[in-house]
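Report on one structure; see the data block that follows.
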Amino acid sequence: MIRARGFSLMEVLAALALLSIVLLGVYSGISTAGRIVRSGDQAIERMDEVRSAQAYLRSELAQALVMPFGETDDGDPIVFQGAADKLTFVAPMPGYLSRLGPQMQTVSLVEEDHGSYRLEVSLYLLPPDGSEPKALGEPQVLMHGIRKGAFSYRGVDDQNKPTDWQASWGDGRRTPSLVRIALDVDGQTVFPTLVAPLRIDPSASRNGFSLLRGSRRPVVQ
């Protein structure tokens, strides 16, 4: 009578060890593929965020109106305010928001709890009676995860020659010619430095304000 020979304990343990190595390799491959997919999705989302922020800022700054939203201590109209981390101007909004008329917009870098910054925009309605602008909802975040950033401004001097870039815009009675926004963002996505032109012709403002008087009056066409 012939007896069937079974597997020894060492052979079973060796087979289990090989199976564990194979399963570990499969799991590692699946885990790596998952990380690559998630990383790719995050990179795509980040690029979309950068493109959307740049498109919005470029469009709104290009449509900036010479429309007063405040006054200096001397009673002169303020049509633009610019600092290294905040800028304020008036422009018509896109889409259904445009039915509310031109709105004051404040774009600012706001520090968050973990030491990074976010780029956000706040919208304000301009009452027709000339009273203080009224906030329109909560600030809208354009971008999160900014390590550092700065706004700078360039205009023309009394001889109509371009000035150097300035960290702040001192003459709120007029707009700069160009606004530059430079941001250093988290991750491997780059925020290309945005240089946006502004409208500086008072006759193009469509708002009926005279910058010479600082008061509302019809613009003569």
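Contact map, the stretch 45-61: residues that are under 13 Å from VAL190 (Cα atoms) paired with residues that are surrounded by 12 or more Cβ atoms within 10 Å (Cβ to Cβ) and among the β-branched types (Val, Ile, Thr), Cβ distance under 7 Å, separation 6+ or inter-chain. Pairs shown: ARG46/THR189; MET47/THR189; VAL50/THR189. Whenever a residue of the stretch 120-148 is among the polar types (S, T, N, Q), its partners that are in a loop (DSSP other than H, G, I, E, B), lying with C-beta atoms within less than 9 angstrom and at least six residues away or across chains, give the pairs SER122/LEU136; SER122/GLY137; SER122/GLU138; SER122/PRO139. Checked against the criterion of being in a loop (DSSP other than H, G, I, E, B) and loosely packed, with under 14 Cβ neighbours inside 10 Å, the stretch 138-152 has at least one qualifying residue.
This table checks each residue for (1) exposed (fewer than 11 other Cβ atoms within 10 Å of the Cβ); (2) modelled with pLDDT under 75; (3) small (Gly, Ala, Ser).
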{"position": "GLY34", "(1), (2), (3)": "yes, yes, yes"}
{"position": "ARG38", "(1), (2), (3)": "yes, yes, no"}
{"position": "ILE44", "(1), (2), (3)": "no, no, no"}
{"position": "SER52", "(1), (2), (3)": "no, no, yes"}
{"position": "LEU57", "(1), (2), (3)": "no, no, no"}
{"position": "GLU60", "(1), (2), (3)": "no, no, no"}
{"position": "MET67", "(1), (2), (3)": "no, no, no"}
{"position": "GLY70", "(1), (2), (3)": "no, no, yes"}
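Among the residues of the stretch 140-199, those identified as among the β-branched types (Val, Ile, Thr) and under 18 Å from MET104 (Cα atoms) are VAL141, THR175, VAL179. Residue pairs whose Cβ atoms lie under 9 Å apart, sitting 6 or more positions apart in sequence or on different chains, and linking a residue in the stretch 179-197 that is closer than 13 Å to ARG46 by Cα and buried (at least 16 other Cβ atoms within 10 Å of the Cβ) to a partner that is among the basic types (Lys, Arg) and at pLDDT 90 or above, are VAL185/ARG147.
The values are calculated or read from the model by the stated rules, or taken from the named source; none is laboratory data. What you are looking at is a predicted structure, and each value in this text was computed from that prediction instead of being measured. Every residue, glycine as well, gets a Cβ built from its backbone with ideal geometry; the counts of neighbours run over all protein chains shown.
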